[in-house]
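Here's the structure, in structure tokens; my notes come after.
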Amino acid sequence: MAAIDDLITEIERSYDELTAQLADPEVLGDRARYTDAARAHAELQPVHELTQQYREAEQTVADAEGLLGDDASDAEMREFAQDELIEGRKRVDELSEEIRVRMLTRDPNDGKDVIIEIRAGTGGNEACIFAGELARMYTRYAQAKGFEVEMLSANENDDGGYKEVTLGVKGQGAFSMLKYEGGVHRVQRVPVTEAAGRIHTSTATVVVLPEAEDIEVDIHAGDLRVEIFRARGPGGQSVNTTDSAVRITHVPTGVNVSCQDEKSQLQNKEKAMRILRARLFELEQAKQDQERGAARRSMVGSGDRSQKIRTYNFQQNRVSDHRIGLTSHRLTEVMEGDLDEFTEALAAEDRRKQLAAAGGE
């Protein structure tokens, strides 16, 4: 057990150091250092709690062994101690494996806030309606987890759906919960406008980005082209009497973001910069992963916009995730935001593949 003991000692040491940093006046006065320390502390806290449970289980084993080795213990006490010893050793083994897995598969972005971009794909108005339903599904899911959800930008169509919609999700661990949702989502159903009752297939693309802090992405003002224009609504009608909509282009990469939902030009610019930072952060991470020869973000699903990851079949009340072969006949609940069955299975499969890869190295 020496290896797990060494790992637990290192986790406890790191956690104590980070706790001390968060109380250090020098760190408190340095925004960048404090942000880094606070994020690392929050990311390490769950596994640190497991180490404390491990220590308690170890103590249970030691106490039980002491009772069994005490000649003064009567038969009833020895029977109790034997049960405690078996349960304690089992718990120690379970916790040691969970701690090892957590540390091996930990994603440095897991604790970050999230930006979710949803775009209608093939299928015209039906695709726009589906994009809106996905936005509602993720909003419900995030809120059920205690996260704060904010609409950052939206481009509505005439039927109440969205050509594009961008959500911001804030809360510790938001990225870890949502990171496997990136890719092409496909819906199969009879649209309300289909008189002949034929089933149509439509798609929407989901991109999940960890939200980056100012200190993580170096953006020079001279690299930005900012354009101001009048906001437009669905069908082309004007929804604003002032020029408050903002489009920001990062000239070196060509990445551009538009926001028009707020009446304030400043608010639209702030939202656009949040989305731009996230996109540039993702570009840089993809570049680093490619240079290291690593799989981008996840071994289960790359988040690639061309990858078909899930099908929602309304006629059969079926949701199928193609990456892990999981099918659920709870479509209504899933569309209401009950995604745990999928997110937990995807996370487990990701951990399994990472452990298998690590074992083969």
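The values are calculated or read from the model by the stated rules, or taken from the named source; none is laboratory data. Quantities reported herein were computed from a predicted structural model and do not represent experimental measurements. Ideal geometry is used to build each Cβ from the backbone, glycine not excepted, and the neighbour counts take in all protein chains shown.
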Q) Is it true that Arg140 is basic (Lys, Arg), over 26 Å from Ala286 (Cα atoms) and in contact with an Asp or Glu (Cβ under 8 Å, 6 or more places away or on another chain)? A) yes
Q. In region 140-199, which residue that is of a type in the set (Lys, Arg) and not in a strand (DSSP E or B) is surrounded by the fewest Cβ atoms within 10 Å (Cβ to Cβ)?
A. Arg198
Q) Only one of (1) in contact with a strand residue (DSSP E or B) (Cβ under 7 Å, 6 or more places away or on another chain); (2) crowded, with 19+ Cβ neighbours inside 10 Å; (3) of a type in the set (S, T, N, Q) is not met by Thr122, so which one is it? A) (2)
Q.
With hydrophobic (A, V, I, L, M, F, W, C) and within 19 Å of Asn109 (Cα to Cα) as the only criterion, which of Val206, Val190 stands out?
A. Val206
Q: Check Ala81 against each of (1) buried (at least 16 other Cβ atoms within 10 Å of the Cβ); (2) over 25 Å from Ala174 (Cβ atoms); (3) under 32 Å from the mean Cα position of the chain (by Cα); (4) not assigned by TED's automatic domain parsing to the domain that holds His185 and name the one condition it does not meet.
A: (3)
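Does Glu150 satisfy being in contact with a Leu (Cβ under 8 Å, 6 or more places away or on another chain) and either more than 22 Å from Ser202 (Cβ to Cβ) or basic (Lys, Arg) (or both)?
When the stated conditions are applied, Glu150 passes them.
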Q: Please work out which one of (1) farther than 30 Å from Glu284 by Cα; (2) touching a Lys or Arg at 6+ places or on another chain (Cβ under 8 Å) is the condition Arg91 fails and give its number.
A: (2)
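Quick one: is Glu98 loosely packed, with under 15 Cβ neighbours inside 10 Å and either in the same structural domain as Glu213 (by TED's automatic domain parsing) or touching a Leu at 6+ places or on another chain (Cβ under 9 Å) (or both)?
When the stated conditions are applied, Glu98 passes them.
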Q) Only one of these conditions is not met by Arg31: (1) surrounded by fewer than 14 Cβ atoms within 10 Å (Cβ to Cβ); (2) under 26 Å from the mean Cα position of the chain (by Cα); (3) within 30 Å of Ala356 (Cβ to Cβ). Which number is it? A) (3)
Q. Can you name the residue in region 324-361 that is part of a loop (DSSP other than H, G, I, E, B) and in contact (Cβ under 8 Å) with a residue 60 or more places away in the chain and is also surrounded by the most Cβ atoms within 10 Å (Cβ to Cβ) among such residues?
A. Leu339
Q. Of the residues Ser298, Ser328, Ser320, which is within 23 Å of Lys145 (Cβ to Cβ), among the hydroxyl-bearing types (Ser, Thr, Tyr), in the same structural domain as Glu126 (by TED's automatic domain parsing) and modelled with pLDDT of 95 or more?
A. Ser328
Q | Conditions (1) of a type in the set (A, V, I, L, M); (2) in a helix (DSSP H, G or I); (3) over 30 Å from Glu349 (Cβ atoms); number of the one not met by Ala72 | A | (2)
Q. What are the residues in region 94-126 that are more than 21 Å from Gln285 (Cβ to Cβ) and of a type in the set (A, V, I, L, M, F, W, C), if any?
A. Leu95, Ile99, Val101, Ala120
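In contact with a Pro (Cβ under 9 Å, 6 or more places away or on another chain), crowded, with 16+ Cβ neighbours inside 10 Å and assigned to a helix (DSSP H, G or I): does that describe Glu43?
Taking the combined requirement at face value, the residue satisfies it.
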Q) When residues of region 200-233 are filtered for being among the charged types (D, E, K, R) and assigned to a loop (DSSP other than H, G, I, E, B), how many remain? A) 4
(Q) When you check Gln53 against the structure, is it surrounded by 15 or more Cβ atoms within 10 Å (Cβ to Cβ), touching a Leu at 6+ places or on another chain (Cβ under 7 Å) and more than 30 Å from Glu26 (Cβ to Cβ), yes or no? (A) yes
Q) Only one residue in Ala212, Ala204 is at pLDDT 90 or above and either in contact with a strand residue (DSSP E or B) (Cβ under 7 Å, 6 or more places away or on another chain) or not basic (Lys, Arg) (or both), so which one is that? A) Ala204
Q: Could you tell me which residue of region 153-205 is farthest from Asp113 (Cα to Cα), considering only residues that are within 17 Å of the chain's Cα centre (by Cα) and of a type in the set (A, V, I, L, M)?
A: Val184
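Yes or no, residue by residue, for (1) more than 21 Å from Glu282 (Cβ to Cβ); (2) among the acidic types (Asp, Glu):
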residue	(1), (2)
Lys145	yes, no
Val149	no, no
Glu156	yes, yes
Tyr180	no, no
Gly183	no, no
Val217	no, no
